[in-house]
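Here is the structure we will look at, set down as structure tokens.
The values are calculated or read from the model by the stated rules, or taken from the named source; none is laboratory data. Since the structure is predicted, the reported quantities are computational estimates derived from the model, not experimental observations. Cβ coordinates were reconstructed from backbone atoms using ideal geometry, including for glycine residues, and neighbour counts include every protein chain displayed. Calculation scope for accessible area: heavy atoms of the full protein, side chains included, ligands and nucleic acids excluded. Shrake-Rupley method; radii C 1.70, N 1.55, O 1.52, S 1.80 Å.
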Protein chains: 2
Amino acid sequence: MRPTRDACRVEMFYHLSIDTNTKDLFTMNDQNGYDVEDLHVGMSATVAKTITEADILLFSAVSTDVNAIHLNEEYAASTPFKGRIAHGMLSASLISAVLANRLPGPGTIYLAQDLKFTAPVRPGDTVHATVTVLELGDKGRVTLQTTCTVKGVTVIDGQAQVKIGSSARRAASRQG
Amino acid sequence: MRPTRDACRVEMFYHLSIDTNTKDLFTMNDQNGYDVEDLHVGMSATVAKTITEADILLFSAVSTDVNAIHLNEEYAASTPFKGRIAHGMLSASLISAVLANRLPGPGTIYLAQDLKFTAPVRPGDTVHATVTVLELGDKGRVTLQTTCTVKGVTVIDGQAQVKIGSSARRAASRQG
């Protein structure tokens, strides 16, 4: 017997991450992203990535942010950070990834993001970016809590506003 | 005759960017960044960068945000965007660059950033990221307006909070 939709939701909340094997039980959009009908307050998803030397180098190139605190160990060691730190926006980019790849997933339009950088991220740290649905607004607008942690310590906190599709609206436009 | 400090400031406002040749007239910190004593409300700086295919590819790798809207032209052409767009956080990373490289410049600690993504950025677009000092707070805290534009159209709007050093505090700690 296939698990019920509600049973899957309970499972998801328990793990605080989305088991992609259960996705076919939801309506989902054509790109396997969640529609507004699929979302409930409290749903959550996480991605984690180790921030390597290569990430810091590539992010410096892409952003043109070549601050010595990211690239010069001798200088960085002389600051209160006592060594190089990753770009804040590099860790923040993982929030964009979890929104785009997991929850709400493909099809999500990014409207706004606020970020508080609360602790440094160092080369070799593994950043866990977690998004949690806070509020479902009108016209597919969704507010999510967005948090990045390293070993359980919050390094970025904030909220995202996104816009997502509606399976009901798609069905109506197909019939109309 | 060397131009006065105020004359340089007027020149800077006129160009809406900082002429690094005038920097030696200011106190600056050891890394050539501005101290809180150097800043005035209205000071502004810009960096501009063309967002290339390579940037989008590298940002996808670093962020793990591999949304089809960034990488799959066939899919992206079928969406309201009518083609691929750059990651919002990729353009936002230029704000980090102008804060870190120009104003306040090296030594700046990034505390917070809010972002509204108001229009898409496409491969080949040149993004101009401008920061403008809005408010000087206590203990070296500075609020800046942060805006990214493409051909004069705002693509990102928001504010940054940063913390910077003080030449007076440094002098006192050297004497103390």
Notebook entry, point to check: Conditions: (1) more than 10 Å from chain B (Cβ to nearest Cβ); (2) surrounded by 15 or more Cβ atoms within 10 Å (Cβ to Cβ); (3) closer than 22 Å to residue A:42 by Cβ; (4) at pLDDT 95 or above. Residue A:167 meets all but one. Number of the miss?
Noted result: (4)
Margin query: Could you check segment B:136-149 and list, in sequence order, the residues that are among the small types (Gly, Ala, Ser) and either within 20 Å of residue B:97 (Cβ to Cβ) or touching a residue at least 12 places away in the same chain (Cβ under 8 Å) (or both)?
Written below: B:140
Note to self: Taking the criterion of being open to solvent by 40 Å² or more (accessible area, probe 1.4 Å), touching a helix residue (DSSP H, G or I) at 6+ places or on another chain (Cβ under 6 Å) and touching a residue at least 24 places away in the same chain (Cβ under 8 Å), would at least one residue in segment A:113-135 satisfy it?
What the structure shows: yes
Next item on the list: Could you tell me whether residue B:152 is open to solvent by 20 Å² or more (accessible area, probe 1.4 Å), on the phi > 0 side of the Ramachandran plot and either within 10 Å of chain A (Cβ to nearest Cβ) or hydrophobic (A, V, I, L, M, F, W, C) (or both)?
Entry: no
Margin query: I need a count of the residues in segment A:80-96 that are out of contact with any Asp or Glu (no Cβ under 7 Å at 6 or more places or on another chain) and either part of a helix (DSSP H, G or I) or in contact (Cβ under 8 Å) with a residue 60 or more places away in the chain (or both).
Written below: 6
Check: Is it the case that some residue within segment A:124-146 is modelled with pLDDT of 95 or more, in contact with a Gly (Cβ under 9 Å, 6 or more places away or on another chain) and of a type in the set (D, E, K, R)?
Finding: no
Note to self: Being loosely packed, with under 15 Cβ neighbours inside 10 Å and part of a helix (DSSP H, G or I) is the filter here; which residues of segment A:39-56 pass it?
What the structure shows: A:53, A:54
Next item on the list: Could you please give the count of residues in segment B:142-174 that are more than 16 Å from the chain's Cα centre (by Cα) and assigned to a strand (DSSP E or B)?
Entry: 1
Next item on the list: Take residue B:105 and decide whether it is over 15 Å from the mean Cα position of the chain (by Cα) and open to solvent by less than 10 Å² (accessible area, probe 1.4 Å).
Entry: no
Notebook entry, point to check: Yes or no: residue A:100 open to solvent by 40 Å² or more (accessible area, probe 1.4 Å) and outside any loop (DSSP other than H, G, I, E, B)?
Noted result: no
Check: Is it the case that residue B:94 is facing another protein chain (nearest Cβ under 8 Å), surrounded by 23 or more Cβ atoms within 10 Å (Cβ to Cβ), at pLDDT 95 or above and under 30 Å from residue B:30 (Cβ atoms)?
Finding: yes
Note to self: I need a count of the residues in segment B:106-121 that are assigned to a loop (DSSP other than H, G, I, E, B), within 21 Å of residue A:84 (Cβ to Cβ) and out of contact with any Leu (no Cβ under 8 Å at 6 or more places or on another chain).
What the structure shows: 2
Next item on the list: Report yes if residue A:124 is within 12 Å of chain B (Cβ to nearest Cβ), of a type outside the set (A, V, I, L, M) and at positive phi, otherwise no.
Entry: no
Checklist line | Residue ID - most open to solvent (accessible area, probe 1.4 Å), chosen from residues in segment B:62-80 that are at the interface with chain A (Cβ under 8 Å from one of its Cβ atoms) and small (Gly, Ala, Ser) | finding: B:68
